[in-house]
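Okay, so here's the structure we're looking at.
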Amino acid sequence: MKKTSARGLEILLALVMMARGTSFIFSKLLLETMSTFNVLALRFGIAFLVLAALFARRLYRASRKVWIAGFLIGFLYFLVMSLELTALTMADTGPVALTEHTSIVMVPLATAALARMRPNPVMLLSAFLAVTGVGMLTLPGGNLSAGRLIALLGAVCYAVTIIVTDRVTHSPEEGFTVGIIQLGTLALLAAIASVFVESPRLPSSLAQWGMLTVLVVVCTVFGFTFQPVAQARVSAEMTGLLSALNPAVAAIIGAVVLHEDFGWLGTLAVALILVAITLPSWLRILTPKAGKVSPQ
């Protein structure tokens, strides 16, 4: 593969991660006037309809195994997104995004535990830094933040979802189809929950429709469609580095748009979490003995 082509896919993946990072701010703004499951049902329902229309033949030809995998992962993502949006109603966007993405550190540790292997020392150091950073965000001034604890629970669910996804999908094509089905499953579960525990409604203003459109087109359809395309030729190490753009963008936008104030302790916590997320990938890239990793 040509170097320029690989670089272009890395840029594409970076744009995907940044686009997904903006979802936190738009979700938080919509949650000021709409309820949690209502937002989820609309966002993922519209995205599913768009993708299902574009890839109807792929869905029609999908095997029973693929549909079951899509239903399972969709249920898990329903838990993740429900916890994420609930946390956003109780805490700032930056801490929620950063806390949720500590799942990047949880996954290799959990995988090593399931395989009964000793965790890599670098991963242990990353886990320590992540836990320290999350603790500094979760316990500001010694006052427990329920929203940030919910975000941490969301991170655990996200880690479980990543591991399960890896176990039940066996090719990029299959994973892409599973991804479309999971969006529909998530939207259906959110719609059912909204009907029973909320008063579902459509956005009532042009601004709300604009934010929902960005969530659907930029954060969901664009992010979902192009991430597997980019990751097919981008190394796992570079993917790990670029994934840190998601919470970083969320934290920056939260500080600029919503004037969220981290303070010096919060800023240090942000730095620790970002280091924890990217440290293993940086060391693999910079260590000659690691060798070249084949694309995913």
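Structure above, values below:
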| read-out | value |
| --- | --- |
| Residue ID - modelled with the highest pLDDT, chosen from residues in the range 277-296 that are open to solvent by 50 Å² or more (accessible area, probe 1.4 Å) and in a loop (DSSP other than H, G, I, E, B) | T287 |
| Residue in the range 184-192 that is under 16 Å from the mean Cα position of the chain (by Cα), buried (at least 18 other Cβ atoms within 10 Å of the Cβ) and at pLDDT below 80 present | no |
| Where a residue in the range 106-124 is in contact (Cβ under 8 Å) with a residue 12 or more places away in the chain and among the polar types (S, T, N, Q) and its partner, wherever it lies, is surrounded by 10 or more Cβ atoms within 10 Å (Cβ to Cβ) and part of a helix (DSSP H, G or I), with Cβ under 7 Å and at least six apart | T111/I163 |
| Residues of the range 98-123 classified as surrounded by fewer than 14 Cβ atoms within 10 Å (Cβ to Cβ) and either modelled with pLDDT under 75 or not basic (K, R) (or both), total | 5 |
| Qualifying residues in the range 158-190 (those that are of a type in the set (S, T, Y) and not in a helix (DSSP H, G or I)) - the one farthest from L40 (Cα to Cα) | S171 |
| Single match in F78, F48, F24 (criterion: surrounded by 15 or more Cβ atoms within 10 Å (Cβ to Cβ), within 19 Å of the chain's Cα centre (by Cα) and either at pLDDT below 90 or among the hydroxyl-bearing types (S, T, Y) (or both)) | F24 |
| Failed criterion for L9 (all others in (1) in contact with a Lys or Arg (Cβ under 6 Å, 6 or more places away or on another chain); (2) crowded, with 22+ Cβ neighbours inside 10 Å; (3) modelled with pLDDT under 85 hold) | (2) |
| Residue check, F55 at pLDDT 95 or above and not β-branched (V, I, T) | no |
| Top-ranked residue of the range 81-95 - restricted to ones that are of a type outside the set (S, T, Y) and modelled with pLDDT of 85 or more, ranked as farthest from the chain's Cα centre (by Cα) | M90 |
| Given (1) open to solvent by 30 Å² or more (accessible area, probe 1.4 Å); (2) within 15 Å of Y77 (Cβ to Cβ), index of the condition E198 fails | (2) |
| Condition check for A87: part of a helix (DSSP H, G or I) and either open to solvent by less than 30 Å² (accessible area, probe 1.4 Å) or within 21 Å of G263 (Cα to Cα) (or both) | yes |
| Near pairs, Cβ below 6 angstrom, 6+ apart or cross-chain, from the range 256-281 (closer than 16 Å to H101 by Cβ) to any residue that is hydroxyl-bearing (S, T, Y) and surrounded by 16 or more Cβ atoms within 10 Å (Cβ to Cβ) | A276/S126; L279/S126; P280/S126 |
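The values are calculated or read from the model by the stated rules, or taken from the named source; none is laboratory data. Please read these numbers as outputs of a predicted model, since none were measured by experiment. Because the Cβ atoms are built from the backbone with ideal geometry, glycine has one as well, and the counts that use them run over all protein chains shown. Quick note on the areas: whole protein, heavy atoms, side chains included, nothing else; ligands and nucleic acids left out. Shrake-Rupley method; radii C 1.70, N 1.55, O 1.52, S 1.80 Å.
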